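Heads up, the thing below is written out as structure tokens.
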Amino acid sequence: AAAELVSQLGNNIEKACQVIFINSQIIAHELSELHITVDCMPVLDLATTVGHQVIGERAYGEVPARVAEFGRAACSGLLNGGVLPVIKHIPGHGRAASDSHVSLPFVQAKWEDLAQTDFLPFRALSDMPMAMTAHVVFTAIDPKRPATTSPLVVADVIRGEIGFEGLLMTDDICMSALEGSPIERAEAALAAGCDVVLHCNGQLNEMIEIADGVGAMAKLSWERAMRAAGYQDERVSPIDLAAAKQELARLLA
């Protein structure tokens, strides 16, 4: 777990970044052997005292600058191994007091406070090729809709305040935080400005319904997907997996 790893390394930030990079590099090369080219990590949500443990140990910590630094190391390791990172859960899930797999969380914080904390790691990594939304309502921005289906959050926060210009995918639309049928959820997310819908329950009939209902990918979304693929191709380099694992073990000893 990210929190356990960071805790184990104490305040040695340089060493922590090195460990995170190598670990992500190993993950990427093992995924590449299976022809998997995208991994939905790292989590850039902040650890908070009010947040639900669904984020919990997946968070790198509570200090935005540190989270950004560790997240950058994870992204670099994945890209080095030929796998695209997906920063998540934009614009931030850390303050959510409930599990969005089960119910819809509400975050009451002011925009100004969020901009100085939760949004910062995402802004620092806004150059990454892909991001995943949070099924969280930010009442100061859009009190009626979660980020995934909110045109206000997507345009004003994710594309605006944070400055993310890459491919934006939803978190799993099968999660209980969202309302409506699968196709209604997909349509709402795409209408809000998401590029790709993530559907994870394995029900083929629902997948077919969504694919038939939403049609082909929008031109701008396709262009973002192509840019993401090019981002990956520029950064791949070979690795000696055995040596990398040995170095990781040494650093963690």
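Read-outs throughout are calculated quantities, based only on the coordinates presented, and are distinct from any laboratory measurement. What you see is a predicted model, and the numbers here were worked out from it, not measured in a lab. Cβ sites come from the backbone with ideal geometry, for glycine too, and all protein chains shown count toward neighbours.
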Residue span residue 220 to residue 65: 0.36 nm per residue of separation minus Cα-Cα distance leaves a gain in nm of 52.7 nm
Applied in sequence order to segment 129-141, the curve 6.51 cos²θ - 1.76 cosθ + 1.60 (Karplus, θ = phi - 60°) yields integer Hz couplings, x standing for Gly and Pro, of x, 9, 9, 10, 6, 9, 7, 9, 8, 9, 4, 6, 10
Among trypsin sites (Lys or Arg not before Pro) in segment 59-167, those in a DSSP loop whose Cβ has at most 15 other Cβ atoms within 10 Å are 110, 144
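So what's the convex hull volume per residue for the Cα atoms of segment 2-252, in Å³?
Hull volume over Cα atoms, normalised by residue count, gives 119 Å³.
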Per DSSP loop assignment and a cutoff of at most 16 other beta carbons within 10 Å, the chain keeps its longest run without exposed GluC sites (Glu not before Pro) at 63-164
Quick calc: nm separation of the 7 Å Cα→Cβ label points for residue 200 and residue 57 -> 1.8 nm
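What's the lysine pair count for the chain at a Cα cut-off below 27 Å, pairs eight or more apart or interchain? Intermediate values should be presented prior to the final figure.
On the way: 15/88; 15/245; 88/110; 88/144; 88/219; 88/245; 110/144.
Total qualifying Lys-Lys pairs in the chain comes to 7.
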Around residue 174 (Cβ within 12 Å, Cβ-to-Cβ, excluding residue 174; K/R +1, D/E -1) the net charge comes to -2
Helix-only [θ] at 222 nm, the chain, -39500 (n - 2.57) per DSSP H run of 4+, per residue, nearest 500, equals -13000 deg cm²/dmol
The chain, Gaussian network, Cα under 10 Å: of 22, 239, 87, the residue fluctuating most is 239
With 0.36 nm assigned to each residue of separation and the Cα-Cα distance removed, residue 14 to residue 110 gains 31.3 nm
